[in-house]
1. Which number in (1) more than 22 Å from Ile242 (Cα to Cα); (2) assigned to a loop (DSSP other than H, G, I, E, B); (3) out of contact with any Asp or Glu (no Cβ under 8 Å at 6 or more places or on another chain) marks the one condition that His421 misses?
2. Find all pairs meeting these conditions: Cβ atoms under 6 angstrom apart; at least six residues apart or on different chains; first residue within the stretch 342-370 and outside the structural domain of Gly408 (by TED's automatic domain parsing); second residue surrounded by 20 or more Cβ atoms within 10 Å (Cβ to Cβ).
3. How many residues does the stretch 219-229 contain that are within 14 Å of ligand 1 (Cβ to nearest atom) and either without any contact (Cβ under 8 Å) to a residue 60 or more places away in the chain or of a type outside the set (Gly, Ala, Ser) (or both)?
4. Which of the residues that make up the stretch 136-164 are surrounded by fewer than 24 Cβ atoms within 10 Å (Cβ to Cβ) and in contact with a His (Cβ under 9 Å, 6 or more places away or on another chain)?
5. I'd like to check which helices (runs of 4 or more DSSP H) are fully inside the stretch 123-200 and have at least 3 residues that are over 25 Å from Trp73 (Cα atoms) and either within 16 Å of ligand 2 (Cβ to nearest atom) or not assigned by TED's automatic domain parsing to the domain that holds Arg314 (or both).
6. Of Ala269, Ala330, Ala320, which residue is under 30 Å from Lys406 (Cα atoms) and either touching a helix residue (DSSP H, G or I) at 6+ places or on another chain (Cβ under 9 Å) or surrounded by 17 or more Cβ atoms within 10 Å (Cβ to Cβ) (or both)?
7. Could you list all residues from the stretch 249-266 that are more than 16 Å from ligand 1 (Cβ to nearest atom) and buried (at least 17 other Cβ atoms within 10 Å of the Cβ)?
8. Taking the options Gly109, Gly105, name whichever one is of a type outside the set (A, V, I, L, M) and on the phi > 0 side of the Ramachandran plot.
Amino acid sequence: MYSAMFRCASRGESGCDVALPLDEVVYRCPRCGGLLEVVHDLVPLSMRSGSDWCALFDARWGATRAPYDSGVWAKHEVVAPHVKRDNVVSLHEGNTHLMLAKRYGADLGVEQVYVKQCGTSHTGSFKDLGMTVLVSTVNQMIADGKKIPAIACASTGDTSAALAAYAAVAGIKAIVILPRGKISTAQLVQPLANGAQVLALDTDFDGCMRIVQDLAERDGVYLANSMNSLRLEGQKTVALEIVQQLEWSVPDWVIIPGGNLGNVSALGAGFQLLNDLGIVRKKPRICVAQTAHANPLYVSYTRDFAPLEPVAARTTLASAIQIGNPVSFAKAVRALRACDGVVAQATEQQLADAAARADRYGLFTCPHTGVALAALEQLVERGLVKPEHRAVVVSTASGLKFTDFKVGYHEARLGGVAPRHRNVPVELPADYAAVRDEVRRGLGA
Ligand SMILES: *Cc1c(COP(=O)(O)O)cnc(C)c1O
Ligand SMILES: [Zn+2]
C-alpha cells in the first residue's frame, strides 16, 4: 500500500507535473530538464500516527536480522517502499553512533555537542546510506528483466567506494570515474579491491561528472551520482536517526559539510518527513559548511541565495567537497530556506585545526567533518549556537580514510597550514632513565 514516485523537483515553481515510477531509468525531468525527486504518497503513511511510527522504529532499532538490522531498511516504508525485501542489497548501514562529545562541547562553551558518526559504516562514509537504496533498486530492475549492463559514477572518492562495494555484493558491474591524483590512496584502493572498472581522468570532479552523464545517456549504464534522487532517500535517514536518538526530539542546530549538496538536501527532506508523519512539529536550523576553496553555495548565500554561479573548485584538504558546480544546488537552497539555514566557509587552516582540536577529545575526524567543526566554532563565536543549545555535527567519513591528512597535520607538512594542535612521537634510546625523564616532562613534573 505504501508507494513513491519520481516527481519533477521544480514542480512547486514551474507547475511541471511529471510523475514517473522509481524503476524508470531517468535522472532529469523529461519535460523541463530539472532534477527529479522521490515523493511518497502521504495518505497511507498518515494511517499510522506519529507515536505509532516512533514505536515501530524503536522496536526495530538494534534488530539482528535483515533487513531491519540496517538503519536504512528499518525505515523501509518511508524510504523505498518500491523495493521488495528479496532484492535488498545491504551492508548493515546506518544506526551510527550519535556521540555526545561532552569535553569537546565544554571546550567550545556549548553544553550539548553531538557528532553523528556517519563514517562508521562498511565503506567508511555516509555514501553507504544512499547506495544501498540505489543498488537495491537496480538489483530489482535486473530481477524484473531490465537490461542494465553496469552502474557508473563520477566520484571524489567515497561514492565510488560505496558503489563498488554494493555492486560487488549484488554481482552487478561497477564503473567509477575519478579525477586522477585528487583522492586519497585509501579511497582509490576500495573500488580497485572490489573489482570495479576504475578510470582515472586528467580533470576535476566536475569534468568527470560531465563524462559519466554522457555515458549514462548514450550507453545505457545506470548513473549512481546524487542527481539520481534515489540515493537521497537513504541519506535522509540521518535526520530520522538523529531525532530518534534524541528520544524523538529535534536539536537546535545540525551542521553538515556540503559539496554536491545532495546530503543537505536529504537532511532537509528527512526533517520534512518527520513533520509530515506527525513525529515532530519543528525543524532544526541547518548550517552547510563549505571549504573556502569550493564555496559556490556560500557565495550565493551571502547574496540572499542568488542563482548558482559555478566556480572552479581549488585544491583542498577536504577533497570530497572540492566541487564547483553542485548538482543539488536548488534542492539545498530549498532545504536551507525551510530550516532557517545559514552557510559558512572554512579555510584550510581552520578545517585542519578544527579537526585536530576535536580529535583531542577522542574523535578521529576526516577533513570534511573538520569543515563542519570549523563552522560550529564560527556559529558559537557569532552567538548563533548558544551555550544551552543542542548542536549536532554530521561527520561524513571515517578519519581512517584520510591518514595522509592526519599524518601531514601532525608532521606539519600540509601546505598552507601551521598546525596548532601538533603531536609528534619522541624518539628515545631504549633506556629507562631517558624514558622516565621524558614521561615526567610530559606529565609536567
Ligand atoms: C560526498 C561527501 C560529502 C559531501 O556530500 P554532498 O552530498 O556532495 O554535499 C562530504 N563529506 C564526505 C566525506 C563525502 O564523501
Ligand atoms: Zn519538470
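1. Condition (3) is where His421 drops out.
2. Filtered contacts from the stretch 342-370: no entries.
3. 3
4. The answer is Thr137, Gln140.
5. Hits in the stretch 123-200: 185-193.
6. Numbers: Ala269 fails: under 30 Å from Lys406 (Cα atoms); Ala330 fails: under 30 Å from Lys406 (Cα atoms).
From the options Ala269, Ala330, Ala320, the qualifying one is Ala320.
7. Residues of the stretch 249-266 more than 16 Å from ligand 1 (Cβ to nearest atom): 249-253.
Within the stretch 249-266, Val250, Pro251, Asp252, Trp253 meet the criteria.
8. Values: Gly105 fails: on the phi > 0 side of the Ramachandran plot.
Exactly one residue qualifies, and that residue is Gly109.
The values are calculated or read from the model by the stated rules, or taken from the named source; none is laboratory data. All figures in this text were calculated on a predicted structure; none of them were measured in a lab. Quick reminder, even Gly has a Cβ in these numbers, built from the backbone with ideal geometry, and neighbours come from all protein chains shown.
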